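Novice: Here it is, the structure, as structure tokens.
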Amino acid sequence: MSRFEFRMWSDDPVDVVRRLEDMAVPEESKGSTELYILSGDDMSTNAKVRDGVLDIKRMVGSYRGLERWEPCFKCPLPLSADVLRDRVASILALPPEAVTRENYDLETLVREILEPAPALRPVTVHKRRRRFVWRETLGEHTYVSIGDWTSQTVAVESEKPGEVFDAVAELGMGGADNVNYQRAIRMAL
């Protein structure tokens, strides 16, 4: 199921976060360390490993400044050779001949597949995130660090673009650029 998303980045989005807290009930804050996989200059594929699961979504379009993302693959690690060759290789432009083992846990995937591939770059991202639910919209406020770079992001998403437009307006995010994780990570490196 695809979702429309708007994501802004700021060193201190205090006013937007305050409005988000006033509009919606937050979940508990949760920390995570995630591995994002950058694939060449491809900005339309968001691939990451979080909580032992490889999760890939594709940007399938845009609508009046919103990005429309659709899940295309989700599988817990370890990944079998067949899954890597038949499902993941085409999405991430992986050379299928690089797959030589029966199974790949995260460490082996990084060391033997991702790091040697010239078009792929694994990037460790640390997050502390709070999620919010407001009407038919999901929101989040996240502290992000990549190496020495730190920032905060506020995002809203929904299956309905009108819900996202309403949330962006009510949160006061309208003047910000919509920057997805793939673009933000590249700017941070």
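Novice: Is one or more of the residues making up segment 64-78 at pLDDT below 95, among the charged types (D, E, K, R), at positive phi and in contact with a helix residue (DSSP H, G or I) (Cβ under 9 Å, 6 or more places away or on another chain)?
Specialist: no
Novice: Determine, yes or no, whether R121 is surrounded by fewer than 18 Cβ atoms within 10 Å (Cβ to Cβ), touching a residue at least 12 places away in the same chain (Cβ under 8 Å) and either in contact with a Phe, Trp or Tyr (Cβ under 8 Å, 6 or more places away or on another chain) or among the β-branched types (V, I, T) (or both).
Specialist: So R121 fails the test.
Novice: Of everything in segment 66-103, what is among the basic types (K, R) and in a loop (DSSP other than H, G, I, E, B)? Give them in sequence order.
Specialist: R101
Novice: Also: If you go through segment 130-139, how many residues are assigned to a strand (DSSP E or B) and either surrounded by fewer than 17 Cβ atoms within 10 Å (Cβ to Cβ) or in contact with a Gly (Cβ under 8 Å, 6 or more places away or on another chain) (or both)?
Specialist: Residues in segment 130-139 being assigned to a strand (DSSP E or B) and either surrounded by fewer than 17 Cβ atoms within 10 Å (Cβ to Cβ) or in contact with a Gly (Cβ under 8 Å, 6 or more places away or on another chain) (or both): 3 in total.
Novice: Does segment 89-107 hold any residues that are surrounded by 15 or more Cβ atoms within 10 Å (Cβ to Cβ), modelled with pLDDT of 95 or more and within 19 Å of K48 (Cβ to Cβ), and which are they?
Specialist: Result: Y104, L106.
Novice: Same structure, new question: Could you list all residues from segment 41-98 that are of a type in the set (S, T, Y) and within 15 Å of P122 (Cβ to Cβ)?
Specialist: T45
Novice: Can A47 be described as part of a helix (DSSP H, G or I) and in contact with a helix residue (DSSP H, G or I) (Cβ under 7 Å, 6 or more places away or on another chain)?
Specialist: When the stated conditions are applied, A47 does not pass them.
Novice: List pairs: first in segment 95-110 and closer than 11 Å to V83 by Cβ, second of a type in the set (S, T, N, Q), Cβ under 6 Å, 6+ apart or cross-chain?
Specialist: N103/S80
Novice: Would you confirm whether or not segment 93-106 contains a residue that is charged (D, E, K, R) and in contact with a helix residue (DSSP H, G or I) (Cβ under 7 Å, 6 or more places away or on another chain)?
Specialist: There is at least one residue in segment 93-106 that is charged (D, E, K, R) and in contact with a helix residue (DSSP H, G or I) (Cβ under 7 Å, 6 or more places away or on another chain).
Novice: Which members of segment 140-177 meet the condition of being charged (D, E, K, R) and surrounded by 15 or more Cβ atoms within 10 Å (Cβ to Cβ)?
Specialist: Within segment 140-177, E140, E157, E163, D166, E170 qualify.
Novice: Looking at segment 139-165, which of its residues are over 14 Å from the mean Cα position of the chain (by Cα), under 22 Å from E70 (Cβ atoms) and of a type outside the set (K, R)?
Specialist: Within segment 139-165, S158, E159, P161, G162, E163, V164, F165 qualify.
The values are calculated or read from the model by the stated rules, or taken from the named source; none is laboratory data. Computed from a prediction, not measured in an experiment: that's the story for all the values here. Here Cβ is always computed from backbone atoms with ideal geometry, including for glycine, and neighbour counts include all displayed protein chains.
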